[in-house]
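Trainee: Got a structure for you, written out below as structure tokens; questions coming shortly.
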Amino acid sequence: MSAFRQIADSVDIRGGLAVWVLTAHSWALLLPLLLIAVVSANADYVAANTDYGWVFYIVAGVMMAGSAFEIAQNAFDRWYLTPDCASAEGKSFCDLLFYWFIVASQGLVIFACFGNNLWLSIAILLLVLVYPWFYLRSKLGMVPLALLGLGSVAAMWFSFGDPLVFIQLLISPLVGVFFAALLRTGAQFIHGFVTLLASSNGLFTAWVIYSAADGEPTPWTTVIIAAVLMIALMLAVPRATKNLTVTPRPG
């Protein structure tokens, strides 16, 4: 059996669907490189408006590590998501590491902006260190993500002043709507949209820094319009996906 055939047989999606889902994950893995480029190109501005601007380089690396563990878990699950697999509602070591690195990246964003605040830094460190305890308790697993997510948005706002950062508050619920549709219908093409949306926080972080450094922050009207469209999409997805059918596994 050829190496290509062995790899293909480990993936339970085929053709254009496989290309779409795997491309979305490649995008998520490499997207933090944009943050590195933006911070590097605007290093003086970032340093002047944060306590430890160089930490954004670490943020990018931690984001990429988190994506790598997510890709690993998807590979274990043969790239076919069902409610019981660890990439969905189950638990696993790689899934834990994926979420742990995402939590750490949010904490590092806050530290980059306001790391000179000792008590805030200690609180962030403790919340990141104890995350596995939250992960093992399903009903509490999202608490650190929510707290540090809100904190990172606030830190970016006070440091860079671009209102586009508030759009990040709608990313998680939008991802949740698409993810619920994926698990409800079994239509695996939705997986690609979930991945692109979930990774877009890195894109917004890079854009906020770029636009603020350029002296042209995003207008509030643009942010409001984008928020309205995202809310409308959240409301539309359940109805639009209700008649989708389960993607068949390769026979």
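Trainee: Take Tyr210 and decide whether it is modelled with pLDDT under 95, aromatic (Phe, Trp, Tyr) and surrounded by 19 or more Cβ atoms within 10 Å (Cβ to Cβ).
Mentor: Working: modelled with pLDDT under 95: no; aromatic (Phe, Trp, Tyr): yes; surrounded by 19 or more Cβ atoms within 10 Å (Cβ to Cβ): yes.
So Tyr210 fails the test.
Trainee: Any idea which of (1) exposed (fewer than 15 other Cβ atoms within 10 Å of the Cβ); (2) at pLDDT 95 or above is the one Gly15 doesn't satisfy?
Mentor: Here Gly15 meets the rest and fails (2).
Trainee: Val103 - would you say it is β-branched (Val, Ile, Thr), in contact with a Ser or Thr (Cβ under 9 Å, 6 or more places away or on another chain) and at pLDDT 95 or above? Even if it seems obvious, please write down each step before you answer.
Mentor: On the way: β-branched (Val, Ile, Thr): yes; in contact with a Ser or Thr (Cβ under 9 Å, 6 or more places away or on another chain): no; at pLDDT 95 or above: yes.
Criteria not met by Val103.
Trainee: Considering only the range 194-245, how many residues are of a type in the set (Lys, Arg) and part of a helix (DSSP H, G or I)? Walk me through how you get there before you give the answer.
Mentor: Within the range 194-245, the first condition is being of a type in the set (Lys, Arg), and the residues that meet it are 239, 242.
Now narrow it down to the ones that are part of a helix (DSSP H, G or I): 239.
Qualifying residue count for the region: 1.
Trainee: Same structure again: Given the criteria crowded, with 19+ Cβ neighbours inside 10 Å and in contact (Cβ under 8 Å) with a residue 24 or more places away in the chain, does Thr205 qualify? Before the answer, list the steps.
Mentor: Details: crowded, with 19+ Cβ neighbours inside 10 Å: yes; in contact (Cβ under 8 Å) with a residue 24 or more places away in the chain: yes.
Here the answer is yes, as Thr205 does meet what is asked.
Trainee: Continuing with the same structure: Would you say Lys139 is part of a helix (DSSP H, G or I) and among the basic types (Lys, Arg)?
Mentor: On the way: part of a helix (DSSP H, G or I): yes; among the basic types (Lys, Arg): yes.
For Lys139, the condition - part of a helix (DSSP H, G or I) and among the basic types (Lys, Arg) - is met.
Trainee: Looking only at the range 160-202, filter to residues that are over 13 Å from Pro238 (Cα atoms), hydroxyl-bearing (Ser, Thr, Tyr) and out of contact with any Gly (no Cβ under 9 Å at 6 or more places or on another chain); which one of those is modelled with the highest pLDDT?
Mentor: Once the filter is applied, the top-ranked residue is Thr195.
Trainee: In the range 92-112, which residues are closer than 24 Å to Gln188 by Cβ and under 18 Å from the mean Cα position of the chain (by Cα)?
Mentor: Passing the criteria: Cys94, Asp95, Leu96, Leu97, Phe98, Tyr99, Ile102.
Trainee: Residues in the range 40-60: is at least one among the acidic types (Asp, Glu) and closer than 28 Å to Phe189 by Cβ? Step through it out loud before you land on a result.
Mentor: So the first thing to find is which residues in the range 40-60 are among the acidic types (Asp, Glu), and the list is 44, 51.
Now restrict to residues that are closer than 28 Å to Phe189 by Cβ: none.
No, the range 40-60 contains no residue that is among the acidic types (Asp, Glu) and closer than 28 Å to Phe189 by Cβ.
Trainee: From the list Gly176, Gly149, which residue is under 14 Å from Trp100 (Cα atoms) and either touching a helix residue (DSSP H, G or I) at 6+ places or on another chain (Cβ under 8 Å) or in a helix (DSSP H, G or I) (or both)? Break it down stepwise before answering.
Mentor: On the way: Gly176 fails: under 14 Å from Trp100 (Cα atoms).
Result: Gly149 is the single residue among Gly176, Gly149 that is under 14 Å from Trp100 (Cα atoms) and either touching a helix residue (DSSP H, G or I) at 6+ places or on another chain (Cβ under 8 Å) or in a helix (DSSP H, G or I) (or both).
Trainee: Counting only residues that are among the polar types (S, T, N, Q) and closer than 25 Å to Val175 by Cα, which one in the range 19-72 is surrounded by the most Cβ atoms within 10 Å (Cβ to Cβ)? So that I can check it myself, show each step before the final result.
Mentor: Let us first name the residues in the range 19-72 that are among the polar types (S, T, N, Q), namely 23, 26, 40, 42, 49-50, 67.
Next, from what is left, pick out any that are closer than 25 Å to Val175 by Cα: 23, 26, 67.
On the way: Thr23: 13, Ser26: 13, Ser67: 25.
Among residues in the range 19-72 that are among the polar types (S, T, N, Q) and closer than 25 Å to Val175 by Cα, the one surrounded by the most Cβ atoms within 10 Å (Cβ to Cβ) is Ser67.
Trainee: So, one more: Regarding Ala75, is this residue in contact with a Leu (Cβ under 6 Å, 6 or more places away or on another chain), on the phi < 0 side of the Ramachandran plot and surrounded by fewer than 19 Cβ atoms within 10 Å (Cβ to Cβ)? Full working, then the answer.
Mentor: Values: in contact with a Leu (Cβ under 6 Å, 6 or more places away or on another chain): no; on the phi < 0 side of the Ramachandran plot: yes; surrounded by fewer than 19 Cβ atoms within 10 Å (Cβ to Cβ): yes.
It is false that Ala75 is in contact with a Leu (Cβ under 6 Å, 6 or more places away or on another chain), on the phi < 0 side of the Ramachandran plot and surrounded by fewer than 19 Cβ atoms within 10 Å (Cβ to Cβ).
Trainee: Among the helices (runs of 4 or more DSSP H) confined wholly to the range 1-61, which include 3 or more residues that are in contact (Cβ under 8 Å) with a residue 24 or more places away in the chain, within 30 Å of Arg249 (Cβ to Cβ) and in contact with a Phe, Trp or Tyr (Cβ under 9 Å, 6 or more places away or on another chain)?
Mentor: Numbers: elements: 3-8, 15-30, 32-41, 43-49.
Output list reads 15-30.
Trainee: Let me ask another. Could you tell me whether any residue of the range 82-91 is over 19 Å from the mean Cα position of the chain (by Cα), modelled with pLDDT under 95 and among the basic types (Lys, Arg)?
Mentor: no
The values are calculated or read from the model by the stated rules, or taken from the named source; none is laboratory data. These figures come from a predicted structure and were not determined experimentally. For neighbour counting, all protein chains shown are included, and Cβ atoms are generated from backbone atoms with ideal geometry for every residue, glycine included.
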